[in-house]
Each structure stands twice: as structure tokens, then as C-alpha cells.
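The block underneath contains the structure these notes are about, expressed in C-alpha cells.
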Amino acid sequence: MITFGDSEYVDNYLRTSPEANLFLFGSNEEGKSALSLAACEKYSAVTKLLLDHGARPDHQDNEGRTPLMEAALWGRIENVKCLLEYGANRKLRDIHCHRAVDLAGPSLQNDEERYHRSGGEDQVYRENTFIANQARRVIFELLKDTEELPYREISAHNRTFESHFFKHTSRGTIELIAPIAEFHVRNQWKTIASLQRPWAFPSVAAMSGWSHGETKVTVSGKEWTTEVLRISSIVGHRLPEEKGLDQAKEGQYFATHAEKQLIAYFIDKHVLIETEDDKLLRAKPPVLMKQATILVSRPPCGDCLQFIETVNTALGLMISVLDRS
């Protein structure tokens with residue numbers, strides 16, 4: 001009944017069966033409770049029913065796994081949200097020292113566990129890898145620690161020629177190829193972007209997220225996320241809602257994307273928007289610009305592509321985004 005998501009049957013069983021407590025608080029030979037089993041499945045209504053009837057959200061099986069860990073491993077977003085609402089401890093570790101957030105992350109070990117537990121060569125459960133990975137990415141964001149590691153500029157003294165090199169060109173010049181900056185990130189899903197403008201303007205970098213501040217070459221995540229929200233309202237782009245990640249401000253999660261931050265930065269520095277008042281227009285710098293390229297470390301999401309198209313159309317710009325693929 002858990003595996004097939006029969007919430008009506010589960011509800012009736014919990015209300016009427018004399019063995020309801022055994023069902024709620026007992027465990028199988030692997031130490032897994034009914035809630036642990038439900039957390040693996042896609043039927044969040046069953047998970048909520050068990051929690052409503054008192055199932056323990058932090059029950060640990062023989063491997064130290066909690067329901068939250070199981071939900072994270074299998075990409076069950078709604079189960080994760082439900083368990084967190086009922087006070088599940090995201091910091092607990094299993095006997096291999098893994099937390100729930102670790103099981104949501106991309107790793108060969110996690111892939112192998114899912115493969116073997118779902119039947120190995122005789123798969124009884126085949127997931128849509130793209131959708132499941134997207135779900136685990138959202139779960140990772142829900143479970144990760146909120147503080148970000150600081151940004152650090154590359155030292156010109158002890159790393160001068162570690163990553164620098166010269167390139168002779170057919171134009172009779174020599175180019176110095178050098179990194180702009182390095183970013184310490186907590187996970188592989190952070191996006192780094194760099195704004196390339198014509199003429200003598202320096203590159204400006206951004207990192208997805210809103211908790212980091214401004215540096216010499218990076219924009220402030222908090223400041224420019226706010227600006228993305230403002231520009232979205234001006235050009236008529238509705239940012240998708242991501243409950244649990246928006247932090248009480250609809251669209252904020254998608255507004256933190258690095259590409260959008262740099263587009264907002266470019267518009268602020270080089271574009272006149274008719275809806276702005278005269279005082280703001282007078283404060284604009286004299287160098288107006290319509291064209292720019294943004295380089296990103298990973299392919300942009302669908303909403304970023306739509307945002308770029310909407311901004312270009314509404315403001316008459318030619319902003320393009322290039323990724324490494």
C-alpha cells in the first residue's frame with residue numbers, strides 16, 4: 001500500500017487497525033520504518049499521513065539512514081519538504097558519515113546505490129535521469145548549509161605563471177592569457193558567469209546565489225538579485241516560483257542565477273529605461289551600450305534563456321550567452 005501510494009487505504013488502516021502503532025513505529029529486518037519506505041516513493045500524501053499519525057521523522061535504520069536521507073537519495077522533493085516541516089534533522093549522518101545533502105549530490109557512489117537498490121541488471125524502477133537530477137539539485141539547495149565560502153582573488157605573487165601563458169597571434173601581437181578569479185563553491189551546481197563588453201571595459205564576474213558580497217571583479221549576489229526582480233517586473237518576465245527556496249519572495253531563487261545578475265548589471269550601467277524617473281536617468285553613465293556577451297560555466301536554464309530573450313526584445317539589446325558546451 002505504501003509502494004503504490006494508496007493514501008486512502010493507509011489512512012483507514014491507521015485509524016482502524018489494532019496494529020497501527022506497530023505499523024508506525026515498527027521496523028523490518030533492515031531496520032527501516034514505514035516512513036523510511038514511504039520516503040523513497042513519489043507519493044508524498046502517504047508520507048504526510050504517517051507523519052500526521054506520529055511517525056518519527058528521524059528514525060534511523062541499521063545503516064543509520066533516516067527517511068530524509070532516503071527521500072534525498074531518490075529525488076523526492078515533496079517528501080523532503082514534508083519531512084523538514086515535521087522537524088527532520090538534516091545534520092544526522094549514517095554509518096558511512098553521509099548526511100541527507102550528501103545523498104542528493106551528484107556522485108558515482110550515489111548512482112551505484114540507486115542502480116543496485118532498484119534491481120541492478122533487472123531494473124524494477126527506471127527513473128527519468130534528467131528530471132530526477134533536477135529534483136536532486138533542488139533538494140541539494142534545500143538541505144545545504146546557507147553560509148557560502150568566501151571569494152578569493154588569485155594572488156599575483158605566488159601564482160603568477162601557474163595559469164598564465166602567452167599566445168602569439170596572426171595579427172602580429174602577443175596576448176597574455178590569464179584567469180580572472182577563482183571561486184570556492186560548496187557544490188558543482190554553482191554557476192560562474194563573466195560579462196564581456198566591447199572596448200576597454202573590464203570583465204565582470206558573477207556567481208549564482210545571493211549570500212555573497214561584492215569584490216573587485218564580482219557583483220554582489222544580494223544586490224543584483226534584487227535588481228533582477230525589478231527588471232523582470234519592468235520587461236514583463238515572470239520568474240518561476242520555487243517554494244522552499246524563494247525565502248518568502250516569489251521568483252527570488254531563479255533571480256539569483258549568475259547570467260541574470262550580469263544582465264541586470266549591464267542594464268544598470270549602460271541602458272536607459274523609459275520607466276525610470278528623471279533623477280535616475282540623470283545618474284546614468286554616459287556610455288550607452290546595446291551589445292554584450294556573457295560566458296557561463298554551465299548551460300543556462302530555460303528561464304534564463306527566456307529572460308534574455310524578453311530583455312533583448314523589450315529593451316532593444318543584443319545580449320548573448322555562451323556556455324562551454
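Quick note: the coordinates plus some simple rules give every number you see, no bench work behind them. Keep in mind that this is a model prediction, so the values were computed, not measured. So basically every Cβ, Gly included, is an ideal-geometry build from the backbone, and we count neighbours across all protein chains shown.
When Lys and Arg each count +1 and Asp and Glu each count -1, what net charge do the other residues less than 12 Å away from residue 255, Cβ to Cβ, add up to?
Here the charged neighbours net out to -3.
Order by neighbour count: 115, 43, fewest other Cβ atoms within 10 Å first, most last.
Numbers: 115 12, 43 20.
Listing 115, 43 from fewest to most nearby Cβ atoms yields 115, 43.
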